[in-house]
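Here is the structure we will look at.
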Amino acid sequence: MKKTTLALLLSAILSSASAVAEETPSQPNTNIVNITINNIGDDSGLEMGTGSRARGTGSIATGKNSVALGKNAVATGGNETKDSITKKLAENKQRLDEISTAEANTARLLDELQKIRKVEADVIEAGERVKQVRLAKQSAYNVWQDKLNLYNTTKDGAADFLRETQAKIDDLNSRLTGISRIGSIDISSDEGLTKAATQLKSIAEEGTTLNLGVDFYKDYVSSYYKAIGDLRLAYSKRPTYFNYGLYNSSQIQPLNFSRVLAGDGIFKGNILAIYNDLYVAEDKEIVSLHARSDYIEDIGNSGTFIDEKGNINRTYFADDFKDAFNKSSTNLPPINVSTDVITQQEYDNVIERFNAIWNKVEETFNKLKAPFLTGEMRTDLKNNAYRNLINYRINLDKVYYQGKYEETKNTAWLDKKVNANKAYSDLLNQYKVTKSPSTYFSELSVEFANLRDTWIKENITDVEEKNRITTATLTSELEKALGINKNAVAEKQAEIARLKNEADQAKSTYDNTNPSAADIALSQRYEEIMRQLTDKANALKAEQERLQALKDALTLHDLTNVGENAYALGTNALATGTNSLAIGTDTIATGENAIAMGKGSVVTGNNSIAIGVGHNVLGDNSGAFGDPDYIYGDGSYAFGNNNTIGDPNKVHQIGNNTFVLGSNVVTTANNAVILGANSTGADNTVSVGATNNLRKIINVANGQIANKSQDAITGDQIYDILQNATNINVANWQAKLKLGTSTTTQPTTTSDIDIVDSTNTTVTKTTANNKTIFTVNVANDAIKSAIQSDLDTKANVDASNINVTKFAEKLGTGTVSDDDTNLVTGKTVYTAIQQAAINGADVSNKANRDANNLTAQDVANWQEKLGTDKVEANSKQLVTSGAVHSYVRDMNRNTLDQANTYTDMRINGLKQHTDKQIKQLKEETRAGIASAMAMSAIPTISNKRYSVGAGTATFRGESAVAIGLRVKSDKDNAVVSFSASASSNGDIAGAAGFAFGF
């Protein structure tokens, strides 16, 4: 059950409901029920029952001694929910206001009617609800049928149109793909291109009035192949956001950029990396240095130098400052004028390196032949390098002079230090700079960006656009020639889809509009109660009839102490049954004494329990443990996962008193015990498996073998019975066959009949019921003598009268050998034994005749050899317990398989229907969330009067796009916003808002 918290409405209702409770308690003989609401704190919910407590946003407790703990938790009774309680409080407020002015004049009538209404309030309210629901259901059915008929009519009427249009669209697609059928033609020449265009024109325009020029098809073919053939290479050359380059018609020359411009517009270092392999002239001459821009800019600064080959380089300094001044270093050491001093030797070493670098500057910049370096830029970069070197020399002299002063204490050195800048001012003026290197590199970055954009436009954008235009043109012209109106098709399909959706929604409304079982039960006496009320109402005067009219329209709901001892703990938990307990998110316990524990578990049966996730227990006195199980029968329990007992369409009817211990068991059996995963069962059975998943029951005690015994017997007992099968109760067989008894014959008439005694017979004549009865007794000796001659030639069953010698001669023809299955005589055996003794034969592994030397394994082997026959009529062979078990099992296999097949078919059908409905609901919900996310993601420009934006979002497989408009007033004191979205399932949503500031 899904509950929506109506926070604003509830706040308004709480205040008004409290007022009603205070104004009306002293009025006697009214139908107004005092409502006490305990609002303890901000975290308290609505408490309307004696001793009730509600804690959590949106929580409600109406039952006596009931507790609701958690967001939207509800502890109530009488099939109430959070929404129904909120609604009834609002209805109470409105109706009470209407009748307050008329109550004084109708006190006596109200007292009489209230006696009936008070006693039969549940019946009246239930009857009204049932009547209204049934009327609403009929109305919903009419709407559904109207919409269904409209949908079917529209769909059938559009079938021919859509079929013809689809055929045209297929023809269109075949013509558009005609370029794939023109064969292998070289379009590099104008002749080949013209040939390909002519063939494509023939394919595309065949059978139509379309007559586009060959030049158009030449453009179409060339742009098509260029788009599918050249764009990949162009895209692979296209630089990323951080890459810019110089472009020409044949190649792309990327330059790596990063931090091109800082936020303040200042050009930063590490901007441009120019590599030798990117700028190579046809004669393979290197035209640029392996040098970064900040290297060029910093020539002459500490750590940046020109090596002996004239290449600009930068190294990092040793930790020891003095190490940088030794003779082996080729670097200019860093200098801190405030703290550093150097010796004469160190000064001379650095001056030597300084002069080497100074002399290389001109040579170095002469080697810079990159095409983007202008004469002015080259001069400024070179002068900047000289200026850096001059400034370095100034600092070098200062620390040298400082060292000399500290060595000699001669202040003349300090004077030189002070005047060091002046000493080089004229030299600095010789190397003036128009623009800084940073400025040049900033300008280059813009130039490179423009070159990049131009190249991308020529090699990617224009190619794609031309291919798009030619394809769109041919498609549009062919649609006209073939008479295809795609808009009409889309509109018709959208109309059919809309009508189907409306019909489905109307059917859902009809299916879900049903009175509750409790209301139906209560409403059985509704007509009688309404007759009594009508009789009372007819006796009243006009004023009384007016008040009765108000009362008939009144729906007054008493929510105080609705339910008792219900506990709802968890978000969206609902407990409505007396003494019910719902613990966990979205749990529901509506049955009396019901317990539901675990997310999403539902218990509607009385005295039932569910512990785990997602259970549904609808049967009474039933239970489910695991997740998730579905129990529809009464008195049934499931321990395990994914079990189903009963049928959701036959709750309380089948699947009763059944016990399941295992998982993935689906059964409708009654009075059954089903053990093990994937087992099946039947009524009044105990099952430990299924036809394709058999299990043994082991370690079973021997049962009693006797008349009327209901015990299970073991294989051991069956084996013993088979061994003693010769112990037959002969007396019972003789009794059944009536051997040696007299025979009574009753003829149909006695006229002219004269029966007399004979040698071996005696006749007795009697009369009864006007009939003459002759009883003929035949002497046993006579019977025996009649068949004695035959009997004398027959052998007795106990072989007491057989001619042993003759039988031995006839039967004893066998030999003592491995493959001889005939009987043998004692003589033959004796001879064989004697011969074996003579030959030293080993008889130690042979069985004794009384089997007293057989081991347990020997017995098992004998049973395997002798007990191989099947259980069937007239068979005289021994059988094993396994053969008996298989025979008994197979007797019911066909019937069980048929039952299982039918059950599986029904369950699969219900599952598919349920899965389809759930999938559709999930898709619609997710699409709605995606639409809301897309609209909320639309950004706005705060300092502009008009702001238009778009947003998109995806949520769990569903997506949506949205557009929005935001308009501010001239004085910036009012804002109007509009937004609309379209989701992947075809739904359109819109929203608008207004705000005014002051």
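Read the figures in this text as sums done on the coordinates, not as results from a lab. For clarity, every value in this text was computed on a predicted model and none was experimentally measured. With ideal geometry, Cβ positions are generated from the backbone for all residues, glycine too; neighbour counts draw on all protein chains shown.
Tabulated results
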item	result
Sorted peptide list for 454-465, 53-64, criterion being average Cβ within 10 angstrom, highest first	53-64, 454-465
Residues 186, 340 arranged by fewest to most Cβ contacts within 10 Å	186, 340
Value of D in µm² per second that Stokes-Einstein yields for region 154-225, Kirkwood Rh from Cα pairs, at 20 °C (1.002 mPa s)	157
Burial order of peptide ranges 496-506, 984-994, 212-222, 76-86 (average beta-carbon count within 10 Å, highest first)	76-86, 212-222, 496-506, 984-994
Proxy reagent accessibility, fewest Cβ within 10 Å first, across 129, 134	134, 129
Highest-first arrangement of 941-950, 661-670, where packing means the average Cβ count within 10 Å	661-670, 941-950
Residue order, fewest to most surrounding Cβ atoms within 10 angstrom, among 617, 341, 130	341, 130, 617
Violating pairs (Cα-Cα greater than 30 angstrom) within the set 492/922; 118/650; 64/650; 218/492; 382/417	118/650; 64/650; 218/492
